[in-house]
Amino acid sequence: MKKEIFIGNVGIGGNHPVSIQSMTSTDTRDITATLNQITALKDAGCEIIRVAVPAKDALVPFKTIVEKSPLPVVVDIHFDVYLAIKSIEAGVHGIRINPGNIGSNKKVKEILIAANERKIPIRIGVNAGSLEKKYWNAPGSTAGKMVASVMDKVRFFEDNQFFNIKISLKSSDVIQTVQAYRLIDKKCDYPLHLGVTEAGTFFSGAIKSAIGIGSLLLEGIGSTIRVSLTDDPVQEIKVAKEILQVTGLRKTGIEMISCPTCSRTSVDLIALVKEAERELAHFKPGRKIVVAIMGCEVNGPGEAKEADIGIAFSQKYGYIFKKGEMLEKVEPNRSITRLIELIKDFAGGET
Ligand code: SF4
């Protein structure tokens with residue numbers, strides 16, 4: 001089992017569930033925009049938020065953001081020990097540094113002392129694209145070099161009595177990412193923050209993240225995840241939740257099963273499924289609910305019966321099932337409204 005750390009009130013490692021993180025994309029100097037984005041991310045299911053402090057003039061607004069944020073805040077710092085120390089003093093709940101670009105050990109040590117005083121964890125975040133110089137021409141795989149680089153830092157942290165550590169080893173290459181995390185998982189007990197970095201737009205990024213993060217989670221590796229997309233960060237949370245759902249690590253939320261449609265489909269199933277997704281976007285059931293929306297009476301009733309709530313369409317009607325029992329038949333044009341009513345009634349959650 002991995003060691004337990006806390007980012008604010010969110011436990012990571014130990015017996016804690018895998019948590020979901022994201023990062024703000026607003027200008028940190030714009031307090032209102034940043035807090036609005038954090039709130040939207042929290043509503044979507046984000047549990048920890050990372051905010052960059054890129055320059056000195058972002059420090060004062062950052063302090064307000066930390067004070068007012070509805071989520072625990074991790075500060076993202078590159079190149080500048082002063083910004084790291086000031087962010088820690090601002091009351092941040094965690095800090096992410098890439099030791100490769102912070103500078104001398106003396107500077108890193110200053111951060112360790114400040115973080116130790118405030119009892120906040122540090123993520124040592126090594127990225128394949130910003131490996132320390134000394135590893136550039138060293139022999140071996142990139143994954144191996146990423147692990148060697150992070151282990152160097154882990155030892156340095158430990159030598160300085162700092163153990164409140166989380167590790168990430170990201171690459172934009174999925175296979176490299178998976179290899180690096182597998183290697184580090186065997187080498188130390190610190191919790192691992194998973195992610196495929198710079199994964200791309202919603203479509204390619206969701207696929208890369210699902211394969212990279214998902215395959216590691218299925219092997220029992222990873223304590224917290226961040227999906228990186230070139231998109232609204234709220235989309236990252238949707239993908240992250242789906243990955244946790246599919247890998248069996250989240251026992252709440254809606255799992256939607258729908259068929260790909262074929263020549264037997266007699267309704268506009270794609271539009272109906274999208275309507276259902278839209279209607280359920282903000283619905284938070286207290287437990288996991290499987291919903292099936294199927295296009296015909298061949299495979300439809302079977303899947304619909306297996307689901308908690310399901311509907312299978314025939315030429316004229318949709319047949320709604322609940323826990324395997326046929327409940328009622330409805331006209332297609334009011335089928336989703338009725339389905340949603342039944343799902344909400346079945347789930348007993350907040351809307
Ligand atoms: Fe076609 Fe029916 Fe299968 Fe949907 S469930 S893909 S409509 S056969």
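The values are calculated or read from the model by the stated rules, or taken from the named source; none is laboratory data. Worth saying up front: this structure is predicted, and the values here are computed from it rather than measured. Every residue, glycine among them, receives a Cβ derived from its backbone with ideal geometry; neighbour counts consider all protein chains shown. Side chains included, ligands, DNA and RNA excluded: accessible areas come from the protein's heavy atoms. Shrake-Rupley method; radii C 1.70, N 1.55, O 1.52, S 1.80 Å.
Exactly one condition in (1) part of a strand (DSSP E or B); (2) under 26 Å from residue 238 (Cβ atoms); (3) in contact with a Phe, Trp or Tyr (Cβ under 9 Å, 6 or more places away or on another chain) is not met by residue 124; state its number.
(2) is the only condition that residue 124 fails.
Looking only at region 1-43, which residues are more than 19 Å from residue 228 (Cβ to Cβ), open to solvent by less than 70 Å² (accessible area, probe 1.4 Å) and touching a Gly at 6+ places or on another chain (Cβ under 7 Å)?
2, 5
For region 239-257, give me each residue that is out of contact with any Lys or Arg (no Cβ under 6 Å at 6 or more places or on another chain) and either surrounded by fewer than 19 Cβ atoms within 10 Å (Cβ to Cβ) or farther than 27 Å from residue 25 by Cα (or both).
245, 246, 247, 248, 249, 254, 255, 256, 257, listed by residue number.
With respect to residue 63, is the statement that it is over 17 Å from residue 233 (Cα atoms), in contact with a helix residue (DSSP H, G or I) (Cβ under 6 Å, 6 or more places away or on another chain) and without any contact (Cβ under 8 Å) to a residue 40 or more places away in the chain true?
Numbers: over 17 Å from residue 233 (Cα atoms): yes; in contact with a helix residue (DSSP H, G or I) (Cβ under 6 Å, 6 or more places away or on another chain): no; without any contact (Cβ under 8 Å) to a residue 40 or more places away in the chain: yes.
No: the conditions fail for residue 63.
Answer yes or no as to whether residue 212 is open to solvent by 60 Å² or more (accessible area, probe 1.4 Å), of a type in the set (Gly, Ala, Ser) and more than 15 Å from the ligand (Cβ to nearest atom).
Values: open to solvent by 60 Å² or more (accessible area, probe 1.4 Å): no; of a type in the set (Gly, Ala, Ser): yes; more than 15 Å from the ligand (Cβ to nearest atom): yes.
No: the conditions fail for residue 212.
Inspect all residues belonging to region 258-271 and state whether any of them is open to solvent by less than 50 Å² (accessible area, probe 1.4 Å), more than 16 Å from the ligand (Cβ to nearest atom) and of a type outside the set (D, E, K, R).
No, because not a single residue in region 258-271 is open to solvent by less than 50 Å² (accessible area, probe 1.4 Å), more than 16 Å from the ligand (Cβ to nearest atom) and of a type outside the set (D, E, K, R).
So in region 308-340, with the set limited to residues that are crowded, with 21+ Cβ neighbours inside 10 Å and over 21 Å from residue 262 (Cα atoms), which one is nearest to the ligand (Cβ to nearest atom)?
Among residues in region 308-340 that are crowded, with 21+ Cβ neighbours inside 10 Å and over 21 Å from residue 262 (Cα atoms), the one nearest to the ligand (Cβ to nearest atom) is 321.
Does at least one position in region 238-252 carry a residue that is at negative phi, more than 10 Å from the ligand (Cβ to nearest atom) and of a type in the set (Asp, Glu)?
From region 238-252, those at negative phi are 238-247, 249-252; that's our starting set.
Those still in the list that are more than 10 Å from the ligand (Cβ to nearest atom) too: 238-247, 249-252.
With the extra rule that they be of a type in the set (Asp, Glu), the set shrinks to 242.
Checked region 238-252: at least one residue is at negative phi, more than 10 Å from the ligand (Cβ to nearest atom) and of a type in the set (Asp, Glu).
Of 221, 213, 184, which residue is under 16 Å from the mean Cα position of the chain (by Cα) and not in a loop (DSSP other than H, G, I, E, B)?
None of the others qualify; the one that does is 213.
Can you tell me which residue in region 230-265 is farthest from the chain's Cα centre (by Cα), limited to those that are part of a loop (DSSP other than H, G, I, E, B) and within 24 Å of residue 182 (Cβ to Cβ)? Break it down stepwise before answering.
Step one: filter region 230-265 for residues part of a loop (DSSP other than H, G, I, E, B), giving 230-232, 247-252, 259-265.
Now drop any that are not within 24 Å of residue 182 (Cβ to Cβ), which leaves 247-250.
Numbers: 247: 13, 248: 15, 249: 12, 250: 12 Å.
Out of the qualifying residues, it is 248.
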